[in-house]
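The values are calculated or read from the model by the stated rules, or taken from the named source; none is laboratory data. Small disclaimer: the values here were computed from a predicted structure and weren't measured. All Cβ positions, glycine included, derive from the backbone under ideal geometry; neighbour counts span all protein chains shown. What goes into the accessible areas is simple: the full protein's heavy atoms, side chains included, and nothing from ligands, DNA or RNA. Shrake-Rupley method; radii C 1.70, N 1.55, O 1.52, S 1.80 Å.
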Amino acid sequence: MRGFFITFEGPEGSGKSTHVARLAKRLNTLGYEVVIAREPGGTVVGEAIRDVLQHDKRGEQVLPETETLLFMASRAQLVRSVIIPALRRGACVICDRFADSTIAYQGYGRGLDIKSLLKLNNFAIGEAVPDVTILLDLDVKRGFQRLKQRNRKKKTSHDRIERESIVFHQKVRRGYLKLAGMYPKRFRTIDADRNIDSVDKSIWKVIAKRLGRIREE
């Protein structure tokens, strides 16, 4: 594949969506074709799965194993319908969450077997391994302060996973940090508890270096 694949990961409220959009705009300005994707979602099938995963209006508990397989199904559809075709034509793909989210949330958070999840991920993503993963690290309580502000502004409420306990989300954060230690060549951990411009500058420094042909600003 000739393109470049960037994923953003991090606990709730760490600013992933904001920085995905900012990075995409910068790369577009430099003349790159940029494809933005998100998980779960990004395809018709994936968006239907996203609705099931984020909202529990059907009144039935989504079991951890079911949750995992739904994420994997959405991921497999996104990879083959969007990500791989874009990478093969030379585009930069930026994905808001990807395979590492399953290890952090369903593995470290829910307590499912990590080795089994890694095997399922390999099946779901095939050749679509990220070139770089930006981990926006943030204290869990600080993240939920941001979510509260966001929800008040947008007049929305926490989704199903955001409503999990603080203890659960702390496990997720620790899981992300463990993943960063397991894959140091791919992960770049960035302190997200700073103003947007400072975080953006740190992200760009990483991406400019990894792309190799973009002058750092």
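Quick rundown of the values:
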{"item": "Cβ crowding within 10 Å averaged over residues, with 17-26, 161-170 ranked highest first", "result": "17-26, 161-170"}
{"item": "Convex hull of the range 144-217 built on C-alpha atoms - directionally averaged projected area, nm²", "result": "6.7"}
{"item": "Percent accessible area from carbon and sulfur atoms, the range 86-144, protein chains only, probe 1.4 Å", "result": "53"}
{"item": "Rounded accessible area per residue of the chain, 1.4 Å, Å²", "result": "51"}
{"item": "Charge-dipole axis of the chain as Lys and Arg at +1 and Asp and Glu at -1 on Cβ define it, positive-most pick from L27, L69, F144", "result": "L27"}
{"item": "Estimated [θ] at 222 nm from DSSP helical runs (n ≥ 4, -39500 (n - 2.57)) normalised by residues in the chain, nearest 500", "result": "-15500 deg cm²/dmol"}
{"item": "Most positive-pole-ward Cα, I125, V172, I196, against dipole of the range 108-214 from beta carbon charges", "result": "I196"}
{"item": "Of K16/K115; K16/K205; K148/K201; K178/K201; K16/K148; K16/K154, those spanning more than 20 Å from alpha-carbon to alpha-carbon", "result": "K16/K115; K148/K201; K178/K201"}
{"item": "Extension gain from T156 to S198, taking 0.36 nm per residue of separation minus the Cα-Cα distance", "result": "12.4 nm"}
{"item": "Amide H within-cut-off set for R38, under 5 Å, with H built and near neighbours excluded", "result": "D96"}
{"item": "Label-to-label distance, nm, for residues given as T66 and D113 (7 Å Cα→Cβ offset)", "result": "2.2"}
{"item": "Residue of R80, R152, R142 that the Gaussian network model of the chain assigns the largest fluctuation, springs spanning Cα pairs under 10 Å", "result": "R152"}
{"item": "Calculated FRET efficiency for the pair K25/V167, C-beta based, R₀ 41 Å, to 0.05", "result": "0.65"}
{"item": "Given charges at beta-carbon only (K, R positive; D, E negative), |dipole| of the chain in Debye", "result": "540"}
{"item": "Listed values (1) 30.8, 136; (2) 22.8, 66; (3) 16.6, 52, entry calculated as Rg and Dmax of the Cα atoms in Å", "result": "(3)"}
{"item": "Built amide H within the under 5 Å cut-off of F187, gap 5+", "result": "T133"}
{"item": "Charge dipole (debye, nearest 20) of the range 79-133; +1 at Cβ of Lys and Arg, -1 at Cβ of Asp and Glu", "result": "160"}
